[in-house]
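The values are calculated or read from the model by the stated rules, or taken from the named source; none is laboratory data. Keep in mind the model is a prediction, meaning the values are calculated, not measured. All Cβ positions, even for glycine, are placed from backbone atoms using ideal geometry, and neighbour counts span all protein chains on display.
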Amino acid sequence: MRAEAVSDQTHTLDQFNLNWAALVKAALLGTQREPIPVIPSETLLGRLLARLDPADPEAHLLGLAGALALYQQAGQRPVTTASPAAAGPPGETRPYCSPAVEQCLNTILNSRFQDLLPEFLTALAGRGQRAPAVFLPNLLERGAKTTSLRPFIVPVLGASGRWLAAQRADWCYASLELDHWDTALALWRRVDGAGRQAVLRQMRQVAPEQGRQLLESTWKNEPSSLRPLLIKQLEANLSLADEPFLEVALDDRVHLVRRKAVELLARLPDSRLCGRMAAAARGLLSWQPQQAEQIVVSFPQHLTPQLRRDGVSTPQYKELARVRTVQIIDMLGAVPLAQWTGTWLAGPEAIVRGALTSRWPATLIRGFALAAERQNNVEWAMALLTYDNYSVNTIRLVDILPPDQFQTLVAQLDAATTLLNKDSSLLKVIRRWPQPWPEPVARRWLAQMVRFIEHDNQMTPDGILRGIVRQFARACPVDLTDLVVQTLAPVIANNPVWQSPLQDVVTILKFRAVMLAEIDQS
Amino acid sequence: MHLPWTTEQVLSLAPDDVSLRTGRGFALIERWRDLGHIDTWVWGSFPIKDKPAFRTTIHLPTLTFACDCVSRKYPCPHGLGLLLLLLEQPQAFAESEPPAWVRITPWLAGNRPFNGNVPRPNPQRQANILAGLRELEQWLRDLVRNGLAGLPERPKRFWYEMADRLVDAQAGEIGRRVRAWAEIPGQSPDWPERLLSEIGRLYLLIQGFERLNTLPETVQADLRVAVGWLPGPNDTSFISVQRDHWHILGKQLSQQGRQKIQQTWLWGEQSRRPALVVELGHGPQPLDLSLVVGTVLDAELGFYASATPLRAEIGLRQGFTQAKFCPQGVASIRLAAAAYADALAANPWLTAWPVLFKAVRFGRVDQCWHLYDDQGASWPLPEKYEYGWHLQALSEGATLPLFGEWNGVRFLPLSVWTGGRWLELRLLRGVT
């Protein structure tokens, strides 16, 4: 019966659909209310179904439904359409990584140590290799969720990974279309707000100028809620070329856009805004090296509209002192630091010491620190860190230190630290450092850490210290692996409370050493 | 010592991610003592601080693990770690006399010839099932008499109670189907069509079972399997026995209550026929791990009676090798659909039909992945399919050999031939 039903060509598809629709209707309403459709008996199916008993409507309907369902399933023809699959990826130039490296990636993605991914991807990209195809969807998905991973992921995708990314809206940050102006512009016009943020962020990484041009192409019509999020993306690779656009944005209708424009212009010491602020700030501070109060602050009587446009805010505090604090920082943050050293003929150290003698010590320190951070001024950063004793006002300047400067700083602090405690400056500085540790730093830290643990082995590991131990495992150069393993072996054996975090250090370091060696050899 | 597995395949044995991570962490030579091997056995002891060491043994041909640890997982991380270590550093295992603690009795009776037991008729079970199915028939009649329109308001319990009664009546497979119906009403615009076709097909099955004893032997066998009355472990009344090199193409693991079900698809190199080996595990009893996707088993397979013989038991095993090529698959969707129609005509109760495609490409239409052949025909993959992007990435827009199950509506890919080996899709991390 079934074989015949399948080959029954006289029963057309239309007829079948008609019968099936009528049957579904009868089933929905119930046989109590709705009659069962009659299948024309000249078809083969009709002849078979005629054997069902019409006096038993439920059995009739159920039998009919079963037969039609089976008939449909067996006789179903595959739909024939043109395949929507895009043409394959353009020629691939990067080779895949080796199977051993692939295993490392698999381990990272499925382990507790997923934060090793950036280091892995950087090393892979450094060898000009790409991630295996089977990992591409998961990597693209991670990048879609975690923006900070994107600069690491995109270089190892290869042409095929970027071809894949072009097929999905939330992977557009990696799309091949970004490589050419015309396709990038088409993509920019096509995607929604989140997509534009992703596209602009990526464009600013690889082609900052074109990125800004994309933004300008639709800036007039971007909605108020999106504007601040888009202008924020200009942070990456900011340059004087962006200055005219930002200068116009100082008059934007959206407050958050104006704030962001000020912040970005303040990072460009040659911008018109910094020039205006430098002129306005000339009367703000006066230098009196011979006096007890070496820097005197005299705040302008009137806040000109120009100053307000340039970002000096007017917060609604009751106490005038708090208002002034904010305004002084707003101004100092946008003044080129060279102005002070140049006009006062004093070095950053002298000026920082002078600031501490003024009536606004914390305010001035914060203002100078903001300027040093924005202008990437290492000399000022060192002076501020040292003389302000690594306080919360200055500690983030550690971020802008070059490795050798950081190394010198750590050496000084290490020499001054006999035994670590929670408030050690050494701890604060190392904790803040965002990059891999130079080898001498890792050696010094290892010695300090072991000394501390041996001295204080009964205490449950403190959160901050534990955090740095975690960091050490990830930032220590792998060349030191053998040294670390040997040094820590007796410590692990003798200090039960530290056993698990230190064992992790050994595991991670060993894994990193193998991983980097495999990538190097491939 | 020749090992037929790759690292990737050994890792596929891990019962879950945690075991995988831990097992990998144990694959270090410094964590083990007394490593050794003889013939098909390897062993090692795993020292623990302040406690007796765990002693781990593996029987290689059957991939049977034994360990003193308390892990409920199988294989435990020690077993997995030991096997990985063997694969990566075989020279660390010296050939030696096994220590007394090595247990040389695998509990899987993997290697036995067929002996031709005839199943005993079980009229009591048949009567139980029939009583359950008659109750179901009455229930179905009530459904269509009152109309399906009100069903989306029904609580899930409405379906589950009927499903449970069917399980009690020893018609577990029917119970499973009815239980799944709870998800259909109101779920998509075409739910009445879907439900009605399910109900109708089940009705036909009831009608068939009603006349069970009057039907030919193979049809009876298919009906019994369709209601969940599976051949017992001692039932070896096969309609045919086939010796071949069986390529292990796909595996599915599922759980029903306390019962674990492992379905493995095999493909005969010479016979070019598919076979399905089903294993049921109860509670802590381990499943047979030796059927590793991507290996080839030289063995006799006994096929159970059926109009479309698929289910089989493994008899004498001659050993495993690594698959070196992909068996010849079907060239087009049209041919695969025709084979399915023939199979369905012979066995209307068929639920899943294995298809090995020679070359298909992938595409996404209306948020749903499809596979395409070079004639432009297409089959949809399951809704919200998790591995479509992986298939697209692996194929790079070109074609790949693919193995999976077709159920008449959607195709479920199980493994794909890429980079010279079978890759099991279930092992990947899904992206929707």
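Annotations for the structure displayed:
- Output for region B:304-323, where each listed residue is under 30 Å from B:Leu87 (Cα atoms) and either hydroxyl-bearing (Ser, Thr, Tyr) or touching a residue at least 24 places away in the same chain (Cβ under 8 Å) (or both): B:Glu313, B:Ile314, B:Gly315, B:Leu316, B:Arg317, B:Gly319, B:Phe320, B:Thr321, B:Gln322, B:Ala323
- Per the listing B:Ala221, B:Ala275, the residue uniquely crowded, with 22+ Cβ neighbours inside 10 Å and more than 18 Å from the chain's Cα centre (by Cα) is B:Ala221.
- Index of the failed condition, B:Trp389 passing every other in (1) surrounded by fewer than 21 Cβ atoms within 10 Å (Cβ to Cβ); (2) at the interface with chain A (Cβ under 9 Å from one of its Cβ atoms); (3) within 21 Å of A:Gly88 (Cα to Cα): (1)
- All strands (runs of 3 or more DSSP E) inside region B:352-432 with 1 or more residues being acidic (Asp, Glu): B:400-406, B:421-424
- Filtering region A:92-144 to residues that are within 18 Å of A:Gly161 (Cα to Cα), more than 10 Å from every other protein chain (Cβ to nearest Cβ), part of a helix (DSSP H, G or I) and in contact with a Lys or Arg (Cβ under 8 Å, 6 or more places away or on another chain) leaves A:Leu117, A:Leu124, A:Gly143.
- Any hit, region B:396-419, residues being touching an Asp or Glu at 6+ places or on another chain (Cβ under 9 Å) and facing chain A (nearest Cβ under 7 Å): yes
- Scope region A:405-435; condition among the aliphatic types (A, V, I, L, M) and within 27 Å of the chain's Cα centre (by Cα); matching residues: A:Leu427, A:Val429, A:Ile430
- A:Pro137 vs. criteria without any contact (Cβ under 8 Å) to a residue 24 or more places away in the chain and closer than 30 Å to A:Ala473 by Cβ: no
- Scanning region A:163-213 for residues that are more than 14 Å from every other protein chain (Cβ to nearest Cβ) and acidic (Asp, Glu) turns up A:Glu177, A:Asp179, A:Asp182, A:Asp192, A:Glu209.
- Among the residues of region B:348-362, the one identified as at the interface with another protein chain (Cβ under 9 Å from one of its Cβ atoms) and either within 24 Å of B:Arg176 (Cα to Cα) or out of contact with any Gly (no Cβ under 9 Å at 6 or more places or on another chain) (or both) is B:Pro348.
- Every condition in (1) within 13 Å of chain A (Cβ to nearest Cβ); (2) out of contact with any Leu (no Cβ under 8 Å at 6 or more places or on another chain); (3) assigned to a helix (DSSP H, G or I) holds for B:Arg201 except the one numbered (2).
- Test: residue in region A:179-192 that is under 30 Å from A:Gln213 (Cβ atoms), crowded, with 16+ Cβ neighbours inside 10 Å and under 18 Å from the mean Cα position of the chain (by Cα): no
- Elements of type helices (runs of 4 or more DSSP H) contained in region A:442-522, each with 2 or more residues being of a type in the set (Gly, Ala, Ser), out of contact with any Lys or Arg (no Cβ under 9 Å at 6 or more places or on another chain) and within 17 Å of A:Ile430 (Cβ to Cβ): A:463-475
- Among the residues of region B:148-181, those identified as closer than 23 Å to A:Thr31 by Cβ and not in a helix (DSSP H, G or I) are B:Leu148, B:Ala149, B:Gly150, B:Arg154.
- Check on B:Pro98, more than 14 Å from chain A (Cβ to nearest Cβ), over 27 Å from the mean Cα position of the chain (by Cα) and modelled with pLDDT of 90 or more: no
- When B:Val360, B:Val277, B:Val355, B:Val330 are checked against the criterion of being at pLDDT 90 or above and more than 30 Å from A:Ala87 (Cα to Cα), a single residue qualifies: B:Val277.
Residue-by-condition table, conditions (1) touching an Asp or Glu at 6+ places or on another chain (Cβ under 7 Å); (2) among the basic types (Lys, Arg); (3) modelled with pLDDT under 90:
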{"residue": "A:Gly283", "(1), (2), (3)": "no, no, yes"}
{"residue": "A:Ser286", "(1), (2), (3)": "no, no, no"}
{"residue": "A:Glu293", "(1), (2), (3)": "no, no, yes"}
{"residue": "A:Leu303", "(1), (2), (3)": "no, no, yes"}
{"residue": "A:Arg324", "(1), (2), (3)": "no, yes, no"}
{"residue": "A:Gln327", "(1), (2), (3)": "no, no, no"}
{"residue": "A:Leu332", "(1), (2), (3)": "no, no, no"}
{"residue": "A:Pro336", "(1), (2), (3)": "no, no, no"}
{"residue": "A:Trp344", "(1), (2), (3)": "no, no, no"}
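- All conditions in (1) surrounded by fewer than 17 Cβ atoms within 10 Å (Cβ to Cβ); (2) at the interface with chain A (Cβ under 9 Å from one of its Cβ atoms); (3) at negative phi hold for B:Glu383, with the sole exception of (2).
- Close contacts from region B:49-62, counting a first residue that is without any contact (Cβ under 8 Å) to a residue 40 or more places away in the chain and within 16 Å of B:Trp32 (Cβ to Cβ) and a second that is among the hydroxyl-bearing types (Ser, Thr, Tyr) and in a strand (DSSP E or B), with Cβ to Cβ under 8 Å and a gap of 6+ residues or different chains, come to B:Ala53/B:Ser45; B:Phe54/B:Ser45; B:Thr56/B:Ser45; B:Ile58/B:Thr64.
- Considering (1) more than 18 Å from A:Gln339 (Cα to Cα); (2) touching a residue at least 12 places away in the same chain (Cβ under 8 Å), the lone condition that A:Pro305 does not fulfil carries the number (2).
- Of the residues making up region B:330-352, none is of a type in the set (Asp, Glu), under 26 Å from A:Asn110 (Cα atoms) and surrounded by fewer than 22 Cβ atoms within 10 Å (Cβ to Cβ).
- Which listed residue is within 21 Å of B:Arg272 (Cα to Cα) and among the aromatic types (Phe, Trp, Tyr), from B:Phe362, B:Phe411: B:Phe411
- Here is the figure for region B:300-338: residues that are more than 14 Å from chain A (Cβ to nearest Cβ), in a strand (DSSP E or B) and touching a helix residue (DSSP H, G or I) at 6+ places or on another chain (Cβ under 8 Å) total 1.
- Scoring B:Ile261 on the criteria (1) at pLDDT 90 or above; (2) within 22 Å of B:Phe411 (Cβ to Cβ) leaves a single failure, condition (1).
- In a residue-by-residue description of region B:235-256, the property of being free of Cβ contacts under 8 Å to residues at least 40 places away in the same chain and of a type outside the set (S, T, N, Q) applies to no position.
- Criterion: over 23 Å from A:Gly66 (Cα atoms) and modelled with pLDDT under 95 - qualifying residue of B:Arg426, B:Arg410: B:Arg426
- Region A:410-433, residues that are farther than 13 Å from A:Asn389 by Cβ, outside any loop (DSSP other than H, G, I, E, B) and either among the aliphatic types (A, V, I, L, M) or at pLDDT 95 or above (or both): A:Val410, A:Ala411, A:Ala415, A:Leu427, A:Ile430
- All positions within region B:16-59 that are within 14 Å of another protein chain (Cβ to nearest Cβ) and in a loop (DSSP other than H, G, I, E, B): B:Asp16, B:Phe26, B:Ala27, B:Leu28, B:Lys49, B:Asp50
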